[in-house]
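A short worksheet on the structure shown next.
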Ligand SMILES: *[C@@H]1O[C@H](CO)[C@@H](O)[C@H](O)[C@H]1NC(C)=O
């Protein structure tokens, strides 16, 4: 880093002496480059070129798109959207994770401009079933459909949530799909979304990802499920945002692709059929766990692997009246993050 100012000075001197335009341009460009890198704008800018880099899939127009029949709803908080939330957060949870749901309810899920709902299937035990009905009656924030609550059914869970949202919550301009171990900086995300327009599919982009063909893997994908060598670019399932219109367009493509158990990949495939390209945000951590520090929670929109205790601590950090000054936090928090 120390070398850098010296090198620039040297360039500047040469540029002045010889009036070489090229050197002058380099002198001006290199600080800009570093600043953009610093602000995460370089990688975000790159995602704008995605439409040039990948061809959009051709629509197999001869096949009629029949959506997969989704399991019927068992619990639906039908009045939850009556006060028109600006954005709706759909959290995939599982019946036994009551402590995680409570931590979210008492922290980032409390913001009044957003509405947070939990998606679940059916637990195995009768006790858990009864407890869930009670919890739903008490909080009114649970969507449950008639499918076994397993990891391999995560795509069904997400599709149930997105479908519920476009049918029951049309007033919400944006939907965020996330998990119950993710801390969401709801205040900053609200501010960011207020200025967004058009169909939006935003998150941490994964691209050039190969399907895993080893049957023992939790992420196994057979050739029947997906024949291609690479998945289209998709946003990490730990947190992605769809505008209402993008969600509608994406759900319309369901019949074209067999159901994959990889939820985020599946949404990415549907998006590519709908002609919607993902957009990248450097502030969405994906599967990274950022350091447990005020500046990191303040700067990022999401952070992964946060415990219930961590959620309330992070929320307390965000709610402080005296805010820390967070210069360079984006770069620092991500460099020192862990997977
Ligand atoms: C998904 O849910 C359905 C309906 O309950 C169930 O029959 C199926 O076994 C589940 N799939 C997996 C892979 O768990």
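The values are calculated or read from the model by the stated rules, or taken from the named source; none is laboratory data. On a predicted model such as this, the values are computed, not experimentally measured, just so you know. Heads up, the Cβs are rebuilt from the backbone with ideal geometry, glycines too, and the neighbour counts pull from every protein chain shown.
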ask   = Taking the stretch 225-237, which residues are touching a strand residue (DSSP E or B) at 6+ places or on another chain (Cβ under 6 Å) and not in a strand (DSSP E or B)?
value = 233, 236
note = How many residues of the stretch 318-337 are farther than 20 Å from residue 39 by Cα and surrounded by fewer than 17 Cβ atoms within 10 Å (Cβ to Cβ)? The answer is 4
message = Please verify whether residue 260 is in a helix (DSSP H, G or I) and either modelled with pLDDT under 90 or closer than 19 Å to residue 235 by Cβ (or both), treating the condition exactly as stated.
response = no
key: Residues (buried (at least 18 other Cβ atoms within 10 Å of the Cβ), outside any strand (DSSP E or B) and more than 16 Å from the ligand (Cβ to nearest atom)) located in the stretch 114-162   = 135, 136, 141, 162
request  = Name, by its number, the condition in (1) over 21 Å from residue 44 (Cβ atoms); (2) in a helix (DSSP H, G or I); (3) out of contact with any helix residue (DSSP H, G or I) (no Cβ under 6 Å at 6 or more places or on another chain) that does not hold for residue 246.
outcome  = (1)
